Amino acid sequence: MKQREKLFHRINAGQWLAIFVLGNALKWLGLGAWFIPMVIAVVGLHFLPLARLFRYPPHQLTGGALIALAILAPLASGRPDNAWGPLGTGLILWASAAWALSPRAMAGPAHPAR
């Protein structure tokens, strides 16, 4: 249990470090409008190791959906600073949480408590 906790904290620390470094790099490069899509992508990426750490494959779907959204929302709207990224992120995370709390997910073999 202690090892899993350490890894969990390292993954989250890595996520925040990446957001800080990449956010400053984007600002320095004059690409500050890309901050939100970058954050969405980094959050999505952080779900991938969590899926393995907690043996919970639905986190892979959540991470993949967030990464795809970070790429597709700017392409679809023609600009990185659009409302579709934050809105889509909220919907993906709410859907992920709703699934995790659903009776079907709780009964399945992929539930993190098992």
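Things to note:
- Largest first, the residues Lys6, Lys27 sort by 1.4 Å accessible area into Lys27, Lys6.
- Accessible area per residue for region 1-57, computed on protein heavy atoms with a 1.4 Å probe, is 70 Å².
- Counted charge near Ala73, where neighbours are those whose Cβ lies closer than 15 Å (Asp, Glu -1; Lys, Arg +1): 0
- Exposure of Ser77 as accessible area (Å², to 10), given a probe of 1.4 Å and all protein chains: 50 Å²
- Inter-label distance, Val21 to Ser102: 3.7 nm, where each label sits 7 Å from its Cα along the C-beta direction.
- Relative contact order, percent, the chain [alpha-carbon distance under 8 Å, six or more residues apart]: 24 percent
- Surface/4 of the Cα convex hull for the chain, nm²: 7.4 nm²
- Taking a point 7 Å from the Cα of Leu93 along the Cα-to-Cβ direction, the residues of region 8-48 with backbone N closer than 11 Å to it are 40, 43-44.
The values are calculated or read from the model by the stated rules, or taken from the named source; none is laboratory data. Note that the structure is predicted; figures quoted are calculated from it, not measured. Counting neighbours? That spans all protein chains shown, and the Cβs are built from the backbone with ideal geometry, glycine included. Areas reflect the complete protein model, heavy atoms only, side chains present, ligands, DNA and RNA absent. Shrake-Rupley method; radii C 1.70, N 1.55, O 1.52, S 1.80 Å.
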